[in-house]
Structures are given as C-alpha cells and as structure tokens.
Amino acid sequence: MPFDPISPHYQRIREQIANDIAAGNPQADEKFPSERDMIERFGCTRVTLRQALQQLEAEGLVYRENRRGWFVSPQRIRYDPTRISGFMDYVSAQGRTPRTECLHAELRPAGPWLAKRMGLASADEPVFFLQRRRWIDRRPVLLEFNALLASWCPGLLEADLNTSLTQLLRERFARVQSRCELEMHIGTVNEEQAELLQLSPGSTSVYLERLNFGEDNQAVEFDQEFWRPDALSIVMETRYPGTR
C-alpha cells in the first residue's frame, strides 16, 4: 500500500509496519530488523521511527526487550478475574505453553504490614514467601510474589515450586481457596523487575493484587503480580439486572 502523503511520517511508517505484521513478516515473537536498517528503509530519523514503534507498542502489535530490540507481539492471553483459575490452566487452555520459574523461596515472620493486610493476629506469624517468574512460550510475562500462611500448607518449601501452586495446594495439602479480593491498576517496574521481564526500568506494567481466603474465611495467601502490559487482555462477562 502506498504511503498517504498527508499523514505524518511516523503514522505512515506505523501503517507500513502494521501491514507487514498482518502479512506475517515477521511473525509472532520474531525480531524486527535493527533500528538502523529500518531507518534506512523508511528514510526517516531515529526519533520518527521510534514514534511509529511506540504507537504500535501502545496498540499491542509490537513489544521491546531491553537491549535486544523490537519483536512482533503474539496474541494476548485472555484473563477473566472473576474466575478462580491458575495461570498454568488458563494459559494452556488457550493453546499456549506456560512455564513457572521459582526465583526465591523462604520461611520468615509476616512482619507488621503483611500481618495487617492479611488480618493476622501477630506480625510474628510464620509465612512462606515466594518469588516466581511466569513464562508464556518463549517470553517472560509475569513476575509474581506470593505470601502463604505456613500453618495452612506446612512443608511447602519441600515441594516443587516450579509448577502450578493452585494444583500443588489442592493435591498435596488438600487445600482450596474459597474466594479472593482482587485489585488491579497500572503500575511500573523497578530496575530488578524490569530485568527479569526483559523491559526497560520504569516501564508500564499491569499490577494485580489478590487476597485469597480459605474455607474458614481466613486470609491464607497474599499475591502480587506484575504483568507485561502487552501480554494480557482482561476480559469478563457481566449481566444487567433483571436478565438471565
């Protein structure tokens, strides 16, 4: 398709790259040519090229990895926060390959802030703290921090934490969660989080925070998630009053 001479240059570049993606060149998760090569192709400045790429990034068509370049975004994972379903389950159900990588795990006192957040009687309550990185296909998409009551799942650190925590709690400890309180907002990642998610420090993230309750209505797990914003699509169904 020829460029529209009336549109700003970066918009015409954005349209051409979007057309290339639609034609499958390059394909999902494949790397674009270097910025130098694209500047030569489009006859533009680096500033103009980055305007086009940042527009495509905002639309979810491309993503960048720190110090590696620009890539075509795969289809976003659809996540329904109204359903209690583990990461491994809902990613697999959409035909993708999930993977979990445990980065750190320890047992220590909850501390004042977490004790208040979970409604614990004492800040000395023993809690398992986990830091895990979740992957979809070849890409890290989620950094997750879990805090679980040690009395609810004793011996957790002896288990394989590179797998589904939901399934592990159900099968090894006969534990299920009855409900959760969920908060979502746009956040940013710090330098350490950015490196783990292959982003630039200060990049936008989708922040999810859960407080999970056991069958006795006691808070048993606190969960913080930092998602790559180009990996997740939040979808839910609601019904209007008076309809079935």
Do we have GLN224 as modelled with pLDDT of 95 or more and of a type in the set (S, T, N, Q) here? yes
List the pairs whose first member sits in the range 176-189 and is closer than 9 Å to LEU208 by Cβ and in contact (Cβ under 8 Å) with a residue 12 or more places away in the chain, whose second member is of a type in the set (Lys, Arg) and in a strand (DSSP E or B), and whose Cβ atoms are under 9 Å apart, counting only residues at least 6 apart or on separate chains? LEU182/ARG210; GLU183/ARG210
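Rundown of residues vs (1) out of contact with any Pro (no Cβ under 9 Å at 6 or more places or on another chain); (2) under 16 Å from GLY86 (Cβ atoms); (3) not β-branched (Val, Ile, Thr), yes/no style:
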site	(1), (2), (3)
ARG108	no, no, yes
GLY111	yes, no, yes
ARG117	yes, no, yes
GLN131	yes, no, yes
PHE173	no, yes, yes
ILE186	no, no, no
ASN190	no, no, yes
Looking at (1) surrounded by fewer than 16 Cβ atoms within 10 Å (Cβ to Cβ); (2) over 30 Å from ALA147 (Cα atoms), find the lone condition where LEU61 falls short. (1)
With the requirement that a residue be acidic (Asp, Glu), in a strand (DSSP E or B) and over 10 Å from the mean Cα position of the chain (by Cα), what does the range 207-243 give you? GLU209, GLU221, ASP223
Could you list, in sequence order, the residues of the range 71-122 that are free of Cβ contacts under 8 Å to residues at least 60 places away in the same chain and touching a Leu at 6+ places or on another chain (Cβ under 6 Å)? ALA105, ALA110
Answer yes or no as to whether SER122 is surrounded by fewer than 17 Cβ atoms within 10 Å (Cβ to Cβ) and either assigned by TED's automatic domain parsing to the domain that holds GLU30 or closer than 22 Å to LEU232 by Cβ (or both). no
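The values are calculated or read from the model by the stated rules, or taken from the named source; none is laboratory data. Because the structure is predicted, anything quoted here is derived from the model rather than measured. Because the Cβ atoms are built from the backbone with ideal geometry, glycine has one as well, and the counts that use them run over all protein chains shown.
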